[in-house]
1. Does region 120-131 contain any residue that is in contact (Cβ under 8 Å) with a residue 60 or more places away in the chain and within 16 Å of the ligand (Cβ to nearest atom)?
2. All but one of (1) at pLDDT 95 or above; (2) surrounded by 17 or more Cβ atoms within 10 Å (Cβ to Cβ) hold for Met46; which doesn't?
3. Restricting to region 89-118, and then to whatever is of a type outside the set (S, T, N, Q) and within 16 Å of the ligand (Cβ to nearest atom), can you tell me which residue is nearest to Ile400 (Cα to Cα)?
4. Got a sec? Which of Gly409, Gly393, Gly429 is in contact with a helix residue (DSSP H, G or I) (Cβ under 8 Å, 6 or more places away or on another chain) and buried (at least 24 other Cβ atoms within 10 Å of the Cβ)?
5. Take Gly240 and decide whether it is surrounded by fewer than 23 Cβ atoms within 10 Å (Cβ to Cβ), within 16 Å of the ligand (Cβ to nearest atom) and not polar (S, T, N, Q).
6. Restricting the search to region 327-360, which residues are surrounded by 13 or more Cβ atoms within 10 Å (Cβ to Cβ), without any contact (Cβ under 8 Å) to a residue 24 or more places away in the chain and in a loop (DSSP other than H, G, I, E, B)?
7. Pairs under 8 Å by beta carbon, first residue farther than 19 Å from Asn233 by Cβ in region 289-305, partner in a helix (DSSP H, G or I) and hydrophobic (A, V, I, L, M, F, W, C), six or more apart or different chains?
8. Return only the number of the condition from (1) more than 16 Å from the ligand (Cβ to nearest atom); (2) in a loop (DSSP other than H, G, I, E, B); (3) in contact (Cβ under 8 Å) with a residue 60 or more places away in the chain that Val86 does not satisfy.
Amino acid sequence: MKQALLLFAMVVALGVASQASEQAAPKLRAGAAAVDITPKVFPLHMPGLFTARMADSAHDPLHARALVLDDGETVLALVVVDNIGVVQSVCDEAKAVASKQCGIAVEKMLVASTHTHTGPNSSVKDGTVPDVEYRKLLVAGIAESIVRAHGALRPAGAGAAASPLPEEVSNRRWFLKPGKMPLNPFGKMDKVKMNPSRSPDVLDRPAGPTDPDITILSVQDAKSGKPLALLANYSLHYVGGVPEGMISADYFGEFARLMHSRAGGEDFVAMMSNGTSGDINNISFLVARPPRKPFEQIQIVAQKAAETAWRAHATIEAHRQDARLGMIQREVTLKRRRPTDEQMAAAKAVLAVKDEAERDKLPRLAEAYAHRILSAAEASETVTVPVQALGIGELAVCAIPFETFAEIGLDLKRRSPFPRTMVISIANGTNGYLPTPEQHELGGYETWLGTNRVQEDASVILTDNLLEMLAELQKSSPESAAH
Ligand SMILES: [Zn+2]
């Protein structure tokens, strides 16, 4: 009988029926799974820097980690993938494969990348054979993680909390002392510089805030009370310190391993998602750190992040089995930034310089950005991107397919109608950086046309959409507003 009811609730969740579900008391179920997606065949392209890099080995494993939640009406999946930014086509293919196998609707799936800078490319057009093979492995691995998590559904409770870890996040954009600003690739002067020299003669003040919080969603087995899954979120770009040519999941992977040994349990899955870290990194600008061995800083940050997440975990009063779920996906169309006639002429002039000595006099990265300007002129007028809002009991989750600036996450957290809000970047695809209009005014790497690809007020449009979606979710689940 109970099984029949559950089955019926699932049918309702799939949208076949709607009314009678109210008869069944909402009982949360959850399942989690981690699938190894470490590449086996090398060499592989490793994106993330201006110079081409190839990987020839993996130092530690990469995973697709999935959490599936089901409240009897809504079934949703959250996946965190060890990759710099899984492109939307790969996310979409993986979702379609998983949906066919387990029945969860594709628009109820969130696939986010950790943004490790030492992972394979998710989609290389003219790549090596291993690159092309890796894309298939990635699609299959993401899909399998969802299907396996769905297969592991069992009665569960969920709770959310946050705790700060301020010292491992720095805003990487700085105002500099007078006379210290170099020319940008376009031969112009920005007001701020990304990752300037750490000299006190150069640094004036950071150009923006950091978000110090590690926010967690904790899921426990309802019967045993044992931890089942922990989804964490921290606004840190990545850590780095990986030797050349090596694949690594960076601190995101190490965090998952450390949480696993803390929480115990064979099938416990921890995952660290990327918050709003477009302008945030792990460089200690003002205080000199002792030299680190490879992977040492990764371990230090992972250790602190695990401690902080565990501290947050301890503050959760109750893992609620009556947590209600909701998820809304919107497709938002944004205008692409187009180069002006002046920018086009300047780019062509840069590329026309043939004399070796003259080329050496060009500003740093001038040629790279000249190419980017020309290709921006060729791109379509608009781009349509998916944004998602999830309600999991008292927790709201926003998913944004950009490298999002910290103040956007802070703003969403402040204005969210939910007691607690998590903002996941590089979710369901990746479309470059997302600065605020105010940060566009200041210039700097993340705002340059070619690094940034969409209209300068895109963050305002996406934030407005997300707040509307959160309000909508809250209306359908008013107990989430209890606090
Ligand atoms: Zn990055």
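The values are calculated or read from the model by the stated rules, or taken from the named source; none is laboratory data. This is a predicted model, so every value here is computed, not measured. Cβ placement follows ideal geometry from the backbone for every residue including glycine, while neighbour counts extend to all protein chains displayed.
1. Within region 120-131 (the criterion being in contact (Cβ under 8 Å) with a residue 60 or more places away in the chain and within 16 Å of the ligand (Cβ to nearest atom)), the answer is yes, since at least one residue qualifies.
2. (1)
3. Ala112
4. So the residue among Gly409, Gly393, Gly429 that is in contact with a helix residue (DSSP H, G or I) (Cβ under 8 Å, 6 or more places away or on another chain) and buried (at least 24 other Cβ atoms within 10 Å of the Cβ) is Gly393.
5. It is true that Gly240 is surrounded by fewer than 23 Cβ atoms within 10 Å (Cβ to Cβ), within 16 Å of the ligand (Cβ to nearest atom) and not polar (S, T, N, Q).
6. Listed by number, the list holds a single entry, Val353.
7. Final answer for the pair search is Arg292/Ile300.
8. (1)
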